[in-house]
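This report refers to the structure that appears directly beneath it.
The values are calculated or read from the model by the stated rules, or taken from the named source; none is laboratory data. As the structure is a prediction and not an experimental result, all values here were calculated from the model. Note that each Cβ is placed from the backbone with ideal geometry, even for glycine, and that neighbours are counted across all protein chains shown. Each accessible area value is taken on the protein alone, full model and side chains, heavy atoms only, with ligands, DNA and RNA left out. Shrake-Rupley method; radii C 1.70, N 1.55, O 1.52, S 1.80 Å.
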Amino acid sequence: MAWRSPSAWQYQNLLYGTAGYIVGQVNKTTWEAYLKEEILKPLRMTNTNFSVKEMQKQKDVALPYDLKNEEVRQIPFRSIDAIGPAGSINSNVKDMSNWLKMQLNNGKFEDKEIVSINNFKPMHQPQMTMPGNLEEDELFFRSYGMGWMLTSYRGHFRSEHGGNIDGFSANVALLPRDGIGVVILTNMNGTPVPSIIRNNVFDRFLNLEQIDWNLRFLDTQAKSKQVKTDT
């Protein structure tokens, strides 16, 4: 087991679940009800919900898939209601675009303050350094804000966070100083596609020479498989 300093960054979901529970207790309700009233309604995120059971009642629902033995197969939905605040929110690109607008406008949406500036700023400021090497020349060392992973992408400040649950992979990323935001939602388990699309979109919006990120990820994947074969 690798040794970890007690002050080192370590990602885990238990405290996100705890935070949601506290929100509900403090406001004498549930975390779902509080977020719906204070966040989703003001942002007009009307198709966003908090469980896969509720999501499956809608007319147009993405199904979860995974790659098994080099074959794409549909897999069952996974419910994580027991630790919902850590990742049970289901949404779509239209709703998430309003979330991005709020993030790019310092907590405001259509001139209405959704998150106070004093609470908003620390979200996108380094709170803890993250371990890792400089694997890409285009990226710098990463740090963690309040729910956002922070780095420099080709000289531009980037704030982003990915998400994975059985059968689905997503990424939400911002270039705050450039006023650019992107959300990628896919129904494939553990796929690098969200990161590939994110980088390509940023390259295009910034008018930078495009990098073949797809080829890079394929090369990395091939090397990883080779290492497993050799060992």
Rounded if a/c is under 1.5, else prolate if a/b beats b/c, else oblate: with a ≥ b ≥ c from the C-alpha gyration tensor eigenvalues square-rooted, which is the range 50-181? oblate
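If Lys and Arg each add +1 and Asp and Glu each add -1, what is the summed charge of the other residues whose beta carbon sits under 12 Å from the beta carbon of ILE89? Provide the component values of the computation, followed by the final result.
Working: positive: LYS36; negative: GLU32, GLU54, ASP81, ASP95.
Net local charge, ILE89 excluded: -3.
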Would you report the distance distribution of C-alpha pairs in the range 119-231 as whole percents per 10 angstrom bin, up to the bin with the largest distance? 13, 40, 37, 9, 1
Stretch gain in nm, segment ASN27-LEU15, where the contour uses 0.36 nm per residue and the Cα spacing is subtracted: 2.5 nm
Suppose the chain between ASN207 and ILE80 were pulled fully straight at 0.36 nm per residue; how much longer would it get relative to their current alpha carbon spacing? 41.7 nm
How much of the accessible area of the chain, probe 1.4 Å, is carbon plus sulfur, in whole percent? 52
When Lys and Arg each count +1 and Asp and Glu each count -1, what net charge do the other residues less than 13 Å away from GLY181, Cβ to Cβ, add up to? +2
Cut-off 17 Å, label 7 Å out along Cα→Cβ of ASN119, residues of the range 29-69 by amide N: 29-44
Regarding the chain, what is the average projected area of its C-alpha convex hull, in nm²? 15.2
Value at 222 nm in deg cm²/dmol, rounded to 500, when DSSP H runs of n ≥ 4 in the chain each add -39,500 (n - 2.57): -8500 deg cm²/dmol
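Can you give the accessible area per residue of the range 148-231, in Å², using a 1.4 Å probe? Each step should come with its number before you reach the end.
Details: 4520 Å² over 84 residues.
Dividing the accessible area of the range 148-231 by its residue count gives 54 Å².
Keeping every protein chain present and rolling a 1.4 Å probe, give me the accessible area per residue for the range 1-119 in Å². The partial results should precede the final answer.
On the way: 8550 Å² over 119 residues.
The answer is 72 Å² per residue.
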Contour minus Cα-Cα span, VAL193 to ASN214, at 0.36 nm per residue, comes to 6.8 nm
